[in-house]
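K.L.:
The structure under discussion is supplied below as structure tokens; questions concerning it will follow.
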Amino acid sequence: MKRVTATVHYLPGSPESAVYNGLSAVQTKAPPKRLKRVDRSQQKRRPRALTESQRATFLGIAAERVKAEAQGRTCKWLRPFDCYQTSGYRTNQTRWDSLAEIIEPILARLDIATLVLGYIDKKTGDFHLNRQRGLAEDTSLQEWTVSRLLKSLEDAKYIKRKMRRIYHNGKYWITRVTINVRPRFFIDLGLGYQLAEARTQKKNKRDQLLMNLGKRRVASLVKEAGERQVRKQSHDNAQRKQRQQEAEAEARKAEDKARARAAAWTAFMADPDNQALPATKRIKLFNSRHPHL
């Protein structure tokens, strides 16, 4: 009777396969490193919530309606955000909670005239953007959570992000993201008319500010050009006066030298022995005795 032996097959890379092949230790991949959660909520920044004056406008109403919808989920406001997924499932509650937490920092940093997250410097007219990291620092959310939330809002056609690569200080590349809130966000909150009125007022104020800054800048350039012309003229006059003084000094020096040479030549010719010499030897002897003349 023949003896039948069963053949056991092990999966490649399994511990059993390693033992079967005589390996003493099994090499396993180290688990991937996960980013640590960083709490930036205590960092000093601009106000992380709407001010009292902002709460009295449509921005305060928008924040209240977003928080109410995140808590009740009645599908009254922001319906596209609640069903933006292609699978048909409703948005997860954690995503709504993140939106309710970050809505006030977004609205507090929103430039109404352009609907871009940032602010215009009233002294220079430069526009400063608010970054995603700043939004994360204003809340207890992490940067990747804010990025995913903004991606969801972008899929729901409520915001638009524009990413640019900048070579920072000639050393390394950085990414700058411009976050633009679309009017549809306020329209779906029932605040389209209030947004239109506020944008008209803000645009007029912005245009007036930029016009005043432009006039001030032109006046500054004209003043600077005039001062530059005065400095150049003063410099030219000083240089001309210095050259004139140097020329007068050279003329006096040459005149004194001529007088000294004439006096030395008179004294030299007063000697009868020098008078008897030929003219060439006489000049050669005089120059050797008075080399500085």
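The values are calculated or read from the model by the stated rules, or taken from the named source; none is laboratory data. It should be emphasised that the depicted structure is a prediction, and the values quoted were computed from it without experimental measurement. Neighbour counts are summed over all protein chains in view; Cβ atoms, including those assigned to glycine, are modelled from backbone coordinates with ideal geometry. With ligands, DNA and RNA removed, areas are computed over all heavy atoms of the protein, side chains included. Shrake-Rupley method; radii C 1.70, N 1.55, O 1.52, S 1.80 Å.
K.L.:
Can you send over the solvent-accessible area of TRP265, 1.4 Å probe, protein chains only, in Å² to the nearest 10?
P.N.:
Estimated to the nearest 10 Å², TRP265 gives 90 Å².
K.L.:
Using a/c under 1.5 as the rounded threshold, could you call the range 75-226 rounded, prolate or oblate? The axes a ≥ b ≥ c are square roots of the C-alpha gyration tensor eigenvalues, and prolate needs a/b larger than b/c, oblate otherwise.
P.N.:
In terms of gyration-tensor shape, oblate.
K.L.:
Using the Cα gyration tensor of the range 203-259, with a ≥ b ≥ c the square roots of its eigenvalues, what is the shape: rounded (a/c below 1.5), prolate (a/b larger than b/c) or oblate (neither)?
P.N.:
In terms of gyration-tensor shape, prolate.
K.L.:
Using a Förster distance of 22 angstrom, determine the FRET efficiency expected from the C-beta separation of VAL177 and ARG79, and round it to 0.05.
P.N.:
E between VAL177 and ARG79, to the nearest 0.05, is 0.25.
K.L.:
Students sometimes get this wrong: rank VAL177, VAL222, VAL66 by accessible area, probe 1.4 Å, all chains present, largest first. Spell out each step's value before the answer.
P.N.:
Details: VAL177 20, VAL222 100, VAL66 0 Å².
Largest to smallest exposure gives the sequence VAL222, VAL177, VAL66.
K.L.:
Hey, another quick one. Let me check something: with ligands and nucleic acids excluded, how do THR86, THR178 order by accessible area (1.4 Å probe), largest to smallest?
P.N.:
THR86, THR178
K.L.:
A further question follows. Mind checking the dipole of the range 222-290: about its Cα centre, +1 per Lys or Arg Cβ, -1 per Asp or Glu Cβ, Debye to the nearest 20? Don't skip to the end; give the middle numbers.
P.N.:
Numbers: 16 positive and 10 negative charges, 34 e Å.
So the dipole magnitude of the range 222-290 works out to roughly 160 debye.
K.L.:
Between the range 94-134 and the range 137-176, how far is it from one alpha carbon centroid to the other, in angstrom?
P.N.:
12
K.L.:
Across the range 161-168, in residue order, what do the Karplus-derived ³J(HN,Hα) couplings come to in whole Hz, using 6.51 cos²θ - 1.76 cosθ + 1.60 with θ = phi - 60° and x for Gly and Pro?
P.N.:
Running phi through 6.51 cos²θ - 1.76 cosθ + 1.60 with θ = phi - 60° gives 10, 10, 9, 10, 9, 10, 7, 7 Hz.
K.L.:
Quick check: Cα centre of the range 246-261 to Cα centre of the range 191-217, how many Å?
P.N.:
73
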